[in-house]
Each structure stands twice: as structure tokens, then as C-alpha cells.
């Protein structure tokens, strides 16, 4: 299958960049750290080695959203404090929100 993938990529002139890709191997509901994928003689990093950002969200090997909720609350509270500390009037602060 990898030979066909290489032929297909050559036919449609696509350059695959393994360092910009991520891999995640799940076997029997557990993440396999020992499994590595190699494309064009370069190893693709796993999601646990380098988390990936997609559509403004970070994904890592834990696959849980609990930490993302805490980060969102922290980001919102820091933003609200920054708006509150600025020296503009209250009716203009509403526009910042």
C-alpha cells in the first residue's frame, strides 16, 4: 500500500511533509507509544511528542477536554481583567467585550 501511496503522490505532484503531520496509534482502547510511522524515510512525530493545533484547538495524546475547559476559563478571566484595568469608561468597555 505504501508503494501505491508513493506512486499516487508522484502522479499528482503532492509533496508530503512528515514533520508537519502527526500520528496516533490506538490499539484496544489504549494509546500505543511504541508504534511509529515512516513516510519518505522520515518518521512522523506522534501527537504525544508534539501536540497539534487544528481550528484553534490543541489536541494531545490525552484526548480529554477537561484541560481545555480550564484553559478557556483562564483565558477569558485574563481578558476580562485586562479590559477592566484599561482606563476607558464603562460604556466603551462593553464594545471591547
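Numbers for the structure displayed
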read-out: Test for residue 41: is it out of contact with any helix residue (DSSP H, G or I) (no Cβ under 7 Å at 6 or more places or on another chain), surrounded by 11 or more Cβ atoms within 10 Å (Cβ to Cβ) and closer than 30 Å to residue 16 by Cβ; value: no
read-out: Qualifying positions in region 23-32 - under 16 Å from residue 59 (Cα atoms) and either in a strand (DSSP E or B) or without any contact (Cβ under 8 Å) to a residue 24 or more places away in the chain (or both); value: 23, 25, 26, 31
read-out: Flag if residue 50 is loosely packed, with under 15 Cβ neighbours inside 10 Å and either touching a helix residue (DSSP H, G or I) at 6+ places or on another chain (Cβ under 7 Å) or under 24 Å from residue 68 (Cβ atoms) (or both); value: yes
read-out: Failed item, numbered, when residue 14 is tested on (1) at pLDDT 80 or above; (2) part of a loop (DSSP other than H, G, I, E, B); (3) exposed (fewer than 11 other Cβ atoms within 10 Å of the Cβ); value: (1)
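The values are calculated or read from the model by the stated rules, or taken from the named source; none is laboratory data. In this text, all values refer to a predicted model and were calculated from it rather than measured experimentally. Ideal geometry is used to build each Cβ from the backbone, glycine not excepted, and the neighbour counts take in all protein chains shown.
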